[in-house]
Amino acid sequence: MDAAHDGVRAGNETLMPEGDTIYRAAATLHKALAGHRVVRFESVFPALTRVHDDRALTAMTIDKVESVGKHLLMHFSGALVLRTHMRMNGSWHIYRPGERWRRSPRDMRILLATADFEAVGFNIHAAEFIAEKDLARHEALSRLGPDLLGGNFDRSEAIRRLREQAAIAIADALLRQNVLAGLGNVYKSEALFTCGINPFVAVADLSDQQLAAVVEAGRHLLRANVVVSATGMVPDGRSRRTTGRDSPSERLWVYGRARMPCRKCGATIEVRKQGLDARLTYWCPNCQRL
Ligand SMILES: [Zn+2]
C-alpha cells in the first residue's frame, strides 16, 4: 500500500502533497510500526547513518508516527525524532518483508524495518534526526502556522497570521505554511469556491467572517479526506473529493476543470498561474466575483 501517494499530476503541474496525504501516511505508518522494535535501518543520507552508528536505532522502539503540517515525524524510544519532508516526488511505502517494492531501489532513501514490516522512504526531499527536547525550537517546525489537521487547531491565531499578509492575494496567503499548515493547491481552489471568494482579492479586503469561513472550509475539506479505512488501505490523492460525490468526474468543484461548466451556475471555469511559484488557481468568475 502507498503510505503517501507521489505528487499527483494535473495537466502540467506536479502538486505538492497536501496535509491530508501526509496525515494519512503518518496514520498508516503509525498503525504498522508503533510499539515495535527497529530491526534494521538503512539510508543513503550520511547524516542519518552517522546518528545510527552513534546511537543504534536497532535498539529502539517506534513510539509514534505523526504529521505536523506537511512534515512527517517518527518518534523513537531513545527520545529521538526522524523528520522527513516529501516535497514533490517523495513517498513512504509499507511492505511485508520480502515483498517486491513498487518503486526502483535506486529511489530508496530510508529503510526502516520491524519484524513484521518494512517502511521505505522513496525520493524523500529532506530528512534529519532531531532530539525530542529540541523539537519545539526546530527552525522549520516552529515557524509553522496552526495545523489544520491538528487536534487543537487555533482559528483566531490562523486569522491573525492571515491578517499579517494584508497585501497578498488570499489564494497565495492560504498556501503559506507559516500562516496555515497543511493546505495545498487543490484545497486552496476548492475552499475559496465553496466560500464564493475570488482568489485574487487581497487579504485586507476580506472581512474576519470571510477569513474564518475560508479557513474552516479548508479544514473541513482536509478532515473529510483523512479517514483511514478499517482495512488499513489508504486512498491516494487521486481519490480526493470536495463535492461529496464519488464519481471520478464529479469529485471536485473547480480544481482541474478549466473551460468546463461550473457545477453551481454553468459559467466557464477559469485557470491562471498565480503567485511567486506560479501555482495554478481555478475559479468560477460568476460564483467568485471580484
Ligand atoms: Zn459558478
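Under 22 Å from HIS138 (Cβ atoms), of a type in the set (A, V, I, L, M) and surrounded by 20 or more Cβ atoms within 10 Å (Cβ to Cβ): is that true of LEU80 in this structure?
no
Of all residues in region 122-144, how many are under 18 Å from ASP20 (Cα atoms) and free of Cβ contacts under 8 Å to residues at least 40 places away in the same chain?
Going through region 122-144 one residue at a time, the tally reaches 0.
Would you point out the residue of region 84-108, among those that are touching a Leu at 6+ places or on another chain (Cβ under 9 Å) and assigned to a strand (DSSP E or B), that is surrounded by the fewest Cβ atoms within 10 Å (Cβ to Cβ)?
Out of the qualifying residues, it is HIS85.
So, in region 237-253, of the ones that are among the polar types (S, T, N, Q) and farther than 20 Å from THR21 by Cβ, which residue ends up nearest to the ligand (Cβ to nearest atom)?
SER249
Name the single residue, out of those in region 254-274 being open to solvent by 40 Å² or more (accessible area, probe 1.4 Å) and modelled with pLDDT under 95, that is farthest from the ligand (Cβ to nearest atom).
LYS273
Taking VAL68, is it surrounded by 15 or more Cβ atoms within 10 Å (Cβ to Cβ) and modelled with pLDDT under 95? Don't jump to the end; show me each part of the working.
On the way: surrounded by 15 or more Cβ atoms within 10 Å (Cβ to Cβ): yes; modelled with pLDDT under 95: yes.
Judged against the criteria, VAL68 is a match.
The values are calculated or read from the model by the stated rules, or taken from the named source; none is laboratory data. From a predicted model like this one, the values you see are computed outputs, not experimental measurements. Every residue, glycine as well, gets a Cβ built from its backbone with ideal geometry; the counts of neighbours run over all protein chains shown. Accessible surface is based on the protein model in full, side chains and every heavy atom, while ligands, DNA and RNA are left aside. Shrake-Rupley method; radii C 1.70, N 1.55, O 1.52, S 1.80 Å.
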